[in-house]
Every structure is written in C-alpha cells, then in structure tokens.
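Working notes, beginning with the structure itself.
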Amino acid sequence: MKPFIEDIQFHGIEALRLHGPRGSSAVISRLGAQVLSWITPDGREHLYLSERAVFDGSAAIRGGIPVCFPQFAALGDLPKHGFVRTREWSVNTRRCGDDYALVTLGIGDDERTRALWPYAFRAEITLMLEVDRIDVEFCVENTGAAPFAFTGALHTYLRVVQVEDVALAGLYGHEYRDAANGNATGRETASELTVDRETDRIFFNVRRPQLLTAGNLSLTIENQGFPDVVVWNPWVERCAGIKDMPPDGWRHMLCVEAALAHSSVTLPAGEEWYGRQTLVVA
Ligand code: TA6
C-alpha cells in the first residue's frame, strides 16, 4: 500500500497517523506536536509511552518525543521544559511519496505565550517517516523585532525491553554535567554507557551519532543543529515519585535527547534556527 496519512483520535486527543512504506507507522498529536508512536515494519514500537500518561493538556504527555521550547528543564524562569508541550499546534503540511510520509505542525506566539515570554516566534515540527527511520526537525523563527535567546530539546523517550541491557555508544570522551549528582561535571570514560542507577546527564557538543543496542535492537540516533545530548532514566526511586509513570516504567524507557542545554542560542529578528533528530533502526 502507498504511504498515507489519516486523522485519528489517540487516547482521546486529535492526532495524525502516518502510514509509511512496508507497514511502518507513526503517530503525532496536535497537543504538543508530540510524536507518540513509531512502529517499524517488524511491528516493533520504538517509543516509550507511559500507560499513566495524561492527555488533557494539564501536564506534558509522558513519553514519545516531547518538544521542549523555549527553555530546557529548569534553566530559567519559564515552566519546566518551556510551554509548547502543553499547547495545541496546527497542522500545516501533509505529504506522501512512494517512500515516505511527512507532516508539519506549527505554533506561534499568542497572548498566553507573551505573558510568559515576551517574544514573537513561529515554531514548526516536521516528522518524516520512512521504512526504518524517522526524522524530527524543529524550526524556530524569530518573527519579532528584537533578538531572543532560547534553549530546548527533543526529549525522546526510547522504548526498551529492559534498560539494564542497553548499551549506548558514541559518548566516550565527552564532557557532561550530571544532574543526578549535584550537577557535577565529568568526562565519559566508558566506550558504551550503561544504566544501573538514576542517570541524568547533559553531554556537551556531541558531534558523533549514538548507537543504542539492547538484545536484538540496534538503533542509531543522529542529531543535527542540537549541540548536546541528554541521557535520562529516573531509575526506581525517582520513578516512584512521578505520578504519570507506572512503578516499573523506568525499566522500559531511556531518554536520549537532542538538546540545546549547555548554552542558549540567540536568534536575531527575522532569522531561523533548525535542529533535527534522526532515529534509524538497523
Ligand atoms: O531531560 C531530562 C529532564 O530534565 C530530567 O531532569 C527529568 O526531570 C526529565 O527531564 C523529565 O521532565 P518532566 O518535566 O517531563 O517531568
């Protein structure tokens, strides 16, 4: 069947399902422009979505690929991870070819955003689905008359069978800040990062792709434009305190985020910034 895109209700909210080549599919919600599912032709789901996620906009949807903008985490006075993850986005483009399905969702400033952050902007998320790959591109445009600075992330929750079995290569030698350890800085000494405790590290200026392996899964993660990579797993105790995650949720996810976190980008009036995360299953 040729790729196509349909409007669906997903956990009671408006979303689009992209049907890609050879039975691949992806779901993106209008709430937050959040990719919530990505299934490859083998039927395997690659994004973690908490069974306790809330879909009423009162909190960000726990899982998939939340869009954090214009602030990463608590690096400023705005709500944690900014404000676009709990807003409705509009659907700007839908396009399919023989080998892909693509949608673009957009959002701009309004009274509510300007009350929090006094700038005029347009932001777009483009999701492209191919047979064994998704590309998520984030574009920010300064539509105002003054420059603004921002941080942000594509806060990707990868689904894994058991996080204890995951090895993440590509971060060796990189400097990081460890939010799970009083923001201590360090340098990664392992050729493959493994997770055996709460992990919340921002790796700076990562230019190489990462390779996540676990059992028979092999996934490459490649970021462009976003200088930093964040690796987050709350582990047992912190997970128990996250009300929209089940007690064993920590075991089935690992966030590997494309981030702009170490320093902000200043965008002059009228200019655009692009960042992208590409996930490919080998
Ligand atoms: O990106 C990692 C992080 O900032 C962690 O510190 C953790 O709190 C996580 O994001 C989730 O944040 P959230 O606001 O979605 O609960």
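The values are calculated or read from the model by the stated rules, or taken from the named source; none is laboratory data. Keep in mind that what you see is a predicted model, and the values were worked out from it rather than measured. Every residue, glycine as well, gets a Cβ built from its backbone with ideal geometry; the counts of neighbours run over all protein chains shown. Each accessible area value is taken on the protein alone, full model and side chains, heavy atoms only, with ligands, DNA and RNA left out. Shrake-Rupley method; radii C 1.70, N 1.55, O 1.52, S 1.80 Å.
Dividing the helix sum by the residues of the chain, where each DSSP H run of 4 or more adds -39500 (n - 2.57), gives a mean residue ellipticity at 222 nm of -1000 deg cm²/dmol.
Other residues with beta-carbon under 12 Å from the beta-carbon of N142 carry, at +1 per Lys or Arg and -1 per Asp or Glu, a net charge of -3.
Per-peptide packing, taken as the mean over residues of other Cβ atoms within 10 Å, places 166-173, 106-113, 274-281 in the sequence 274-281, 166-173, 106-113 from highest down. The spacing between region 195-215 and region 30-49, judged by their C-alpha centroids, is 20 Å.
If you sort the three axes of the alpha carbon gyration tensor as a ≥ b ≥ c, you get a/c of 1.5 or more for region 206-279 and a/b no higher than b/c, which makes it oblate.
First compute the accessible area of the chain with a 1.4 Å probe, then give the percent of it belonging to carbon and sulfur atoms. Carbon-and-sulfur percentage of accessible area, whole number: 46.
Once the 1.4 Å probe is applied to the protein heavy atoms, region 40-161 comes out at 41 Å² accessible per residue.
Shape summary: region 74-150 maps onto an equivalent ellipsoid whose semi-axes, from the alpha-carbon gyration tensor, are 28, 13, 11 Å in decreasing order. Given R₀ = 25 Å, FRET efficiency for E272-D99 by Cβ-Cβ distance, to 0.05? My answer for the efficiency is 0.40. By the Kirkwood approach, averaging reciprocal distances over each pair of separate Cα atoms, region 6-62 gets a hydrodynamic radius of 11.8 Å.
Charge tally around A101: other residues with Cβ under 15 Å, Lys/Arg +1 each, Asp/Glu -1 each, net -2. For region 157-238, what does the alpha-carbon gyration tensor say about shape, rounded, prolate or oblate, given a ≥ b ≥ c as the root eigenvalues, a/c under 1.5 as rounded, and a/b over b/c as prolate? Oblate, because a/c is 1.5 or more while a/b does not exceed b/c. Every Cα-Cα pair in region 1-116 was counted, and those over 26 Å apart are 23% of them. Over all distinct Cα-Cα pairs of region 238-282, the Kirkwood formula returns a hydrodynamic radius of 14.5 Å. The Kirkwood hydrodynamic radius of region 68-203, based on inverse pair distances between different Cα atoms, is 17.7 Å.
Sorting the Cα pairs of the chain by distance into bins of 10 Å, from 0 upward, gives 7, 30, 37, 22, 4, 0 percent per bin.
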